[in-house]
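Heads up: the structure comes next, in structure tokens.
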Amino acid sequence: MTEAPALLELTGVSKRFGRITVADNLSLSFRAAEMVGIVGPNGAGKSTLFAMIAGDVTPDAGELRFDGRSVIRLDPAARCRMGIARTYQVPRPFENMTVFENLLVAAFRGGQVPRQSGFALAANLLEETGLSQDANRPAGRLGLLQRKRLELARGLATQPRVLLLDEVAGGLTDPEVAQLVAIVDQVRRRGVAVVWVEHVVHALTSAVSRLICLAGGRLIAEGTPDDVLANPEVKEVYLGADYGAEADWGKGVGD
Ligand SMILES: Nc1ncnc2c1ncn2[C@@H]1O[C@H](COP(=O)(O)OP(=O)(O)O)[C@@H](O)[C@H]1O
Ligand SMILES: [Mg+2]
């Protein structure tokens with residue numbers, strides 16, 4: 001069986017901030033309709049990887065191809081219109097706009113959809129992401145779960161082909177995480193490549209078919225979630241990290 005060609009492909013991507021290496025010759029590829037998890041300790045370079053894919057940060061070296069075409073010189077807006085959407089670790093809605101208005105902006109700006117279908121798209125997304133009750137509330141008044149949902153919905157409103165999720169499950173309860181996973185998996189089934197960064201490992205393991213572990217900008221391990229989490233080097237970067245490793249490591253891992 002031949003594998004589907006990569007939708008998003010990074011080759012030899014490197015980035016330093018001063019003396020800190022945040023991406024060290026990274027080569028990664030992602031296919032349509034797959035969900036890939038990225039884990040790694042704080043400062044591993046996960047958010048910066050997304051910033052480079054979305055065009056917010058320019059790599060020092062390397063190539064980035066989307067749908068067979070180099071996008072390395074395109075600005076974030078152009079990449080978004082092509083179908084690359086990222087969410088932010090700290091949600092960034094327009095605080096004074098309502099939830100519905102936030103989705104319309106994303107649909108019209110990012111997705112470039114015609115007026116009528118933009119409204120329909122936003123309305124469907126309210127439903128799909130569990131935001132219907134909050135449609136007319138200013139985004140700034142939402143609680144954490146709804147803010148995370150809105151961040152996801154804004155990404156979806158741009159009609160992405162690649163969706164980069166940065167810690168959308170952080171701070172949520174297990175049932176809330178399960179709801180979010182179900183929503184995202186539906187999106188994946190429609191053919192979207194989902195790349196999901198999460199610091200809380202157990203949130204991802206059931207959802208993804210492939211897991212990548214980064215540390216210090218380096219690819220430490222890549223494979224099935226079970227294989228990656230059993231990897232001694234992966235255990236070491238987590239357990240050796242200077243934050244509450246056990247809480248972050250989550251359930252069912254390393255037992
Ligand atoms: N714009 C920036 N300028 C300087 N340093 C940065 C910048 N963005 C991130 N860093 C640093 O790069 C490292 C990796 O950050 P980040 O990609 O946010 O890691 P992660 O998301 O894995 O926690 C950290 O040490 C962080 O402080
Ligand atoms: Mg981060």
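The values are calculated or read from the model by the stated rules, or taken from the named source; none is laboratory data. Bear in mind the structure is a predicted one, so any value in this text is a computation, not a measurement. A quick note on method: Cβ atoms are made from the backbone with ideal geometry, for glycine too, and the neighbour counts reach across all protein chains shown. Ligands, DNA and RNA are stripped out before the accessible areas are found, and what is left, the full protein with its side chains, is counted by its heavy atoms. Shrake-Rupley method; radii C 1.70, N 1.55, O 1.52, S 1.80 Å.
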query: Has segment 178-198 got at least one residue that is of a type in the set (Asp, Glu) and out of contact with any Asp or Glu (no Cβ under 8 Å at 6 or more places or on another chain)?
result: yes
- prompt: How many residues are within 13 Å of ligand 2 (Cβ to nearest atom) and over 24 Å from residue 32 (Cβ atoms) when one looks only at segment 159-178?
  reply: 1
- request: Spot the failing condition for residue 167; the list is (1) surrounded by 16 or more Cβ atoms within 10 Å (Cβ to Cβ); (2) outside the structural domain of residue 211 (by TED's automatic domain parsing), and only one is missed.
  value: (2)
query: Considering 90, 57, which residue is free of Cβ contacts under 8 Å to residues at least 12 places away in the same chain and within 16 Å of ligand 1 (Cβ to nearest atom)?
result: 90
- prompt: Pairs under 7 Å by beta carbon, first residue in contact (Cβ under 8 Å) with a residue 40 or more places away in the chain in segment 29-50, partner polar (S, T, N, Q) and within 9 Å of ligand 1 (Cβ to nearest atom), six or more apart or different chains?
  reply: 47/89
field: Of residues in segment 30-44 being more than 13 Å from residue 167 (Cα to Cα) and near ligand 1 (Cβ under 6 Å from one of its atoms), the one least open to solvent (accessible area, probe 1.4 Å)
entry: 44
- request: Could you tell me which numbered condition residue 141 fails, if it satisfies all but one of (1) modelled with pLDDT of 95 or more; (2) open to solvent by 10 Å² or more (accessible area, probe 1.4 Å); (3) assigned by TED's automatic domain parsing to the domain that holds residue 47?
  value: (3)
- prompt: What is the number of the single condition among (1) within 16 Å of ligand 1 (Cβ to nearest atom); (2) among the charged types (D, E, K, R); (3) within 16 Å of the chain's Cα centre (by Cα) that residue 24 does not meet?
  reply: (3)
field: Hey, residue 126 modelled with pLDDT of 95 or more, out of contact with any Lys or Arg (no Cβ under 9 Å at 6 or more places or on another chain) and hydrophobic (A, V, I, L, M, F, W, C) or not
entry: yes
statement: Per the filter on segment 198-214, residues aliphatic (A, V, I, L, M) and either modelled with pLDDT under 95 or on the phi > 0 side of the Ramachandran plot (or both) are 200, 201, 203, 204, 207
Segment 43-72, residues that are within 24 Å of residue 18 (Cβ to Cβ) and away from ligand 2 (no atom under 16 Å from the Cβ): 55, 58, 59, 60, 61, 62, 63, 64, 72
message: Return the residues of segment 49-95 that are open to solvent by 40 Å² or more (accessible area, probe 1.4 Å) and aliphatic (A, V, I, L, M); say none if nothing qualifies.
response: 61, 74, 77, 82, 90
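Matching residues to (1) out of contact with any Lys or Arg (no Cβ under 8 Å at 6 or more places or on another chain); (2) more than 16 Å from ligand 1 (Cβ to nearest atom):
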| residue | (1), (2) |
| --- | --- |
| 162 | yes, yes |
| 168 | no, no |
| 174 | yes, yes |
| 210 | yes, yes |
| 213 | yes, no |
| 220 | yes, no |
